[in-house]
Amino acid sequence: MKIGSLCTGYGGLDLAVEAHFNAKTIWCSEYDKHASKIIEKRFPDIPNYGDLTKIDWATVPKVDIITAGYPCQPFSQAGKRKGTEDERHLFPYILEGIRYLRPKYAILENVRGHLTLGFDTVLRDLASIGYDAKWSIVRASEAGAPHQRARLFIVAHPQNSSS
């Protein structure tokens, strides 16, 4: 399976998805220059499409899975919880990529606070393009880390698929 990564950060979500699905990340989109340096080392020889808001989806190779750890500031206490009014609210651009590329899975990650701000919109938007979703809160301590850091994980797939 092939993965396309949006809001890649340091690539942690992608590495986990690669391991779980025995998949390979073939392209990414990361705007931050420091994170992009890490990606160059972690995923050598894959294109980085840079600014997610400027991607021409017709030029991007189709993938089986889209991953996105999209910015949490619009939904977190630290980011003042401005939701869709925050300039860092990038989910509409991610949705456009999912709508155009139609992957088998979209695996998304964000802060727990997203459940109470904007999550209903994410689910509605995914449904509007024909995707169902399941979600769960996972704490870092559940994977052996010495802290809680609860994160929201969403796995979306086309409606009526056997996923």
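Structure shown: which of Lys24/Lys62; Lys62/Lys104; Lys54/Lys134; Lys54/Lys104; Lys33/Lys62; Lys24/Lys104 lie over 21 Å apart, alpha-carbon to alpha-carbon?
On the way: Lys24/Lys62 13 Å; Lys62/Lys104 11 Å; Lys54/Lys134 29 Å; Lys54/Lys104 23 Å; Lys33/Lys62 25 Å; Lys24/Lys104 14 Å.
Those over the limit are Lys54/Lys134; Lys54/Lys104; Lys33/Lys62.
Summing -39500 (n - 2.57) over the DSSP H runs of n ≥ 4 in the chain and dividing by its residue number, what mean residue ellipticity at 222 nm do you reach, to the nearest 500 deg cm²/dmol? All intermediate terms of the calculation are to be shown ahead of the outcome.
Details: 4 runs with 41 residues, N = 163.
Here the helix-only value at 222 nm equals -7500 deg cm²/dmol.
How do the peptides 113-119, 58-64 rank, highest first, by the average count of neighbouring beta carbon atoms within 10 Å per residue?
Details: 113-119: 17.3, 58-64: 13.1.
Ranked by mean Cβ neighbours within 10 Å, highest first: 113-119, 58-64.
So how compact is the range 1-60: Cα radius of gyration and Dmax in angstrom?
Using the Cα atoms of the range 1-60, the pair Rg, Dmax is 10.9, 30 Å.
Let me make sure I get this right: for the range 105-163, a, b and c are the square roots of the gyration tensor eigenvalues over alpha carbons, sorted descending. Under 1.5 in a/c it's rounded, otherwise prolate if a/b > b/c, else oblate. Which is it?
On the way: a/c = 4.12, a/b = 1.75, b/c = 2.36.
The shape class here is oblate.
If I take the Cα coordinates of the chain and project them onto the principal axes, what are the three extents in Å, biggest first?
37, 36, 31
What's the magnitude of the charge dipole for the range 2-158 around its Cα centre, counting Lys and Arg as +1 and Asp and Glu as -1 at the beta-carbon? Answer in Debye, nearest 20.
Numbers: 21 positive and 18 negative charges, 55 e Å.
So the dipole magnitude of the range 2-158 works out to roughly 260 debye.
Putting +1 on Lys and Arg Cβ atoms and -1 on Asp and Glu Cβ atoms, find which of Pro47, Ala78, Cys28 reaches farthest to the positive end of the dipole of the chain.
Final value for the positive-end residue is Ala78.
Can you compute the equivalent ellipsoid semi-axes for the range 57-125, i.e. the square root of 5 times each eigenvalue of the Cα gyration tensor, sorted largest first and rounded to whole Å? Present the calculation step by step, with values, prior to reporting the outcome.
Numbers: eigenvalues 113, 27, 20 Å².
The answer is 24, 12, 10 Å, longest axis first.
Go through 136-149, 11-24 and give me the packing order, highest mean Cβ count within 10 Å leading. Kindly include the intermediate steps, with their values, before the conclusion.
Numbers: 136-149: 10.4, 11-24: 16.1.
Highest mean packing first, the order is 11-24, 136-149.
How high is the relative contact order of the chain, in percent, counting Cα pairs under 8 Å that sit 6 or more residues apart? Could the numbers behind the result be given before it?
Working: 290 pairs, mean separation 31.3, N = 163.
It rounds to 19 percent for the chain.
Amide H to amide H under 5 Å from Thr25: which residues, 5+ apart in sequence or cross-chain, H placed 1.01 Å off N in plane?
Result for Thr25 returns Ile3.
So, in Å, what gap is there between the alpha-carbon centers of the range 56-109 and the range 114-163?
12
Values quoted throughout were computed directly from the atomic coordinates according to the rules given, and no laboratory measurement underlies them. Since the model is a prediction, treat every value here as computed from it, not as a measurement. When we count neighbours, we look across all protein chains shown, and the Cβ atoms used for this are built from the backbone with ideal geometry, even at glycine.
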